[in-house]
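None of the figures in this text is laboratory data; all of them are computed from the coordinates on show. No experiment lies behind these values; they were computed from the predicted model shown. Neighbour counts run over all protein chains shown; Cβ positions are idealised from the backbone, glycine included.
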Amino acid sequence: MTYRERNRSIVERATISDVLRLAGRPQPDRRGRICCPVHDDDHPSLKVQPSGRGVRCHACGWRGGVLDFAVALGLGRDRAGAALEVERRIGR
């Protein structure tokens with residue numbers, strides 16, 4: 001399996017909620033918002049997409065998918081490392 005195929009497979013299986021659970025972070029509120037891990041955020045400003053596959057911060061403008069979010073939460077130093085860590089810990 002190539003690097004791209006592995007990443008695509010993980011992105012298809014994992015959701016933002018899975019990544020939050022792996023990082024020990026709270027799940028989104030009823031509006032689908034959480035505090036942004038990229039900046040000092042006191043009020044939830046990061047919106048989880050309805051698909052559960054992407055996020056966008058309305059305060060700082062940061063956006064990303066499952067692997068970008070995993071890196072922002074410290075589950076890997078880069079997308080490749082995050083992909084391996086999420087795959088290892090989710091095990092689907």
- Identify which of the listed values of Kirkwood radius over Cα pairs in Å was calculated from the structure shown: (i) 16.0; (ii) 13.1; (iii) 14.1. (ii)
- Where the centre of each part is set by its Cα atoms, how far does region 7-45 sit from region 70-84, in angstrom? 13 Å
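Dipole magnitude of region 3-90 about its Cα centre, charges +1 at Lys/Arg Cβ and -1 at Asp/Glu Cβ only, in debye to the nearest 20? Can you show the working numbers first?
Numbers: 17 positive and 11 negative charges, 58 e Å.
The calculation lands at about 280 debye.
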- Using a simple spin-label model with points 7 Å from Cα along the Cα→Cβ vector, what separation in nm is obtained for Ser51 and Arg88? 2.8 nm
- With each label point set 7 Å from Cα along the Cα-Cβ vector, what nm distance links Glu5 and Asp41? 3.5 nm
